[in-house]
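A short worksheet on the structure shown next.
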Amino acid sequence: MTRKYNLAEALDFTKDATLGMPVVTAIGNYELYVENFKSIVSYEGDMLKLLTRKGMLTVCGEALEILYYDDEEIAVRGCIKKIEF
Amino acid sequence: MWRQAKIASNYVVVCVTSDCPERFLNMCRHRNIFFWDVSKKEYGFDGKISRKDFLQLKEICYKTRSRVRIRLRRGIRFVLFKYRKHYSFLAGMCLSGLMLYACSLFAWDISFTGNSEYTDSFLAKYLSTIGVHAGMPLRDIDCSSIEHSLRSEYDNITWVSAQINGTRLIIHIKENDGAKGEPVNEEDERDIVASADGTVESIVTRKGTPLVKEGDTVKKGQVLVSGAVSIIDDAGTETEKIYTQADADIMIKTLLPYEDSLEASHEVKYYTGRKKRKLMIGLFGTDIEIGFSLQRYVNADVLTQNSVLRLTDSFFLPISLGSKDYLEYEMRTEEYEPEEAEEILYAKLNRYLKELLENKVQILDNSVKIDSNGIVYRLSGTLTASMPAFSYAPVADFDPVGDGHEKAGSG
């Protein structure tokens, strides 16, 4: 664990705000919301790779669509099968 | 939130041909150009983008060697541009704008709030008699005269406020739900007189001279408490007489006659089960029924449902849609059974007794009997009641000349 992580843990701060950790919210296997992502690395119909501060986040599935994206968040829709860091 | 705002505005559906769509999307993101509903295709991707963002794509396309092609345009701006040379379209737009403006000059709906005793249709009928009706120009509506007319026409309406909201005339009403009583002129001297024959059960005088006591028998019109108060000196002689407003709580035991009758033969409405429905369109206050029916009902109840079309909560249009249901019935003459007639008459009596109780009348005895001659059932008799059976009258021997004309108290 990094020093920043320990400090955030000691002060009971949220990790996404202090460390810029990605926040992944899944609604069933149908929708996925990823906050604090840096960029889109790869986008195919069955796979989406996102770069985050924690590393690469890979979403595998079928008929993946980008519902929307903005500065902080990206929403993915489709039949999600796997989420991998 | 931005997404809803973009969808509501003008946007284009584009297909982006690119070897590296990820780079294209990342560059867009860094320049605050946002796509939505992006789906991957062999040639690149399809997506939606606002018109404003689309115009900023040129440089990104150049850098990523991508091509963006518009597939669909969505939004009122594009529609207006497409039909800019169709004069009929422009004329239709202008005409509809004029019609909306013309519609906004009239009151198409009159609604009432706060009324319970007087129904909406009853009040609307009255308003039509004074020239206020749906479809009249807003400039001809005089809210203050409507308020004054309603207040003066109906005593039970204590407060009225008429308000024009868009194309609606809203009338707020407050009805008098308190006790009804004659307004008392605080300036007048008065006696308290009996309003019915009976026996005084209790008397508590606050002002004036009591002339009766508990147990006394009184006649209708007899003075119970006089407004004239004599001032007596130590020798017992009257030195002065002053006049005041007599005030007292008096309960008088009296007999109330009661009579009610019910004819044995009566007409009953029987629904035949046959019914028909007609659609109805209202245009500028006139209802037009749609459809033609060969069925003619001699007697029928008509249930009307009507809703006025509106653009906003306050902008009502002169168009209404609704339906009329005709329910056929026939009248049959039937005879009441004795038990049934008795039940109806006693139910009416109980309602009457309840009303009396609400008016502070206590029923001590009930000697009401039912009899019948085969044609009419009659419920008659007397009710023994303890009630405040008194009213006010001017002081009998009022003589202000020479005496003090001021108010005084007396136990």
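No value in this document is a laboratory result; all are computed from the given coordinates. Keep in mind that what you see is a predicted model, and the values were worked out from it rather than measured. Note: ideal-geometry Cβ built from the backbone for every residue, glycine included; neighbour counts use all protein chains shown.
When the range B:6-36 is limited to residues that are among the polar types (S, T, N, Q) and within 10 Å of chain A (Cβ to nearest Cβ), the one that is surrounded by the fewest Cβ atoms within 10 Å (Cβ to Cβ) turns out to be B:ASN32.
Flag: A:THR25 does not match the condition of being touching a helix residue (DSSP H, G or I) at 6+ places or on another chain (Cβ under 6 Å), among the polar types (S, T, N, Q), away from every other protein chain (no Cβ under 14 Å) and without any contact (Cβ under 8 Å) to a residue 60 or more places away in the chain.
Among the residues of the range A:73-85, just one is surrounded by fewer than 18 Cβ atoms within 10 Å (Cβ to Cβ) and within 11 Å of another protein chain (Cβ to nearest Cβ), namely A:GLU73. Checked against (1) within 9 Å of another protein chain (Cβ to nearest Cβ); (2) farther than 22 Å from B:ASN32 by Cα; (3) surrounded by 13 or more Cβ atoms within 10 Å (Cβ to Cβ), A:ASP70 passes all but condition (2). Looking only at residues of the range A:40-52 that are within 21 Å of B:LYS48 (Cβ to Cβ) and surrounded by fewer than 19 Cβ atoms within 10 Å (Cβ to Cβ), we find that the one that is farthest from the other protein chains (Cβ to nearest Cβ) is A:GLU44. Of the residues screened, A:GLY61 is not one that is surrounded by 16 or more Cβ atoms within 10 Å (Cβ to Cβ) and not in a strand (DSSP E or B). Step by step: first the residues of the range B:115-144, then only those that are in contact with a strand residue (DSSP E or B) (Cβ under 7 Å, 6 or more places away or on another chain) and in a loop (DSSP other than H, G, I, E, B), then the one that is surrounded by the most Cβ atoms within 10 Å (Cβ to Cβ). Which residue is that? Only one residue fits best here, namely B:ALA134. Among the candidates B:SER39, B:SER50, the residue that is within 14 Å of another protein chain (Cβ to nearest Cβ), farther than 18 Å from A:TYR43 by Cα and out of contact with any Cys (no Cβ under 6 Å at 6 or more places or on another chain) is uniquely B:SER50. Restricted to strands (runs of 3 or more DSSP E) entirely inside the range B:324-396, those with at least 3 residues that are over 30 Å from B:LYS241 (Cα atoms) are B:362-372, B:376-387.
Among the criteria (1) within 22 Å of B:PHE24 (Cα to Cα); (2) more than 14 Å from every other protein chain (Cβ to nearest Cβ); (3) surrounded by 14 or more Cβ atoms within 10 Å (Cβ to Cβ), the one A:GLY55 does not fulfil is (3).
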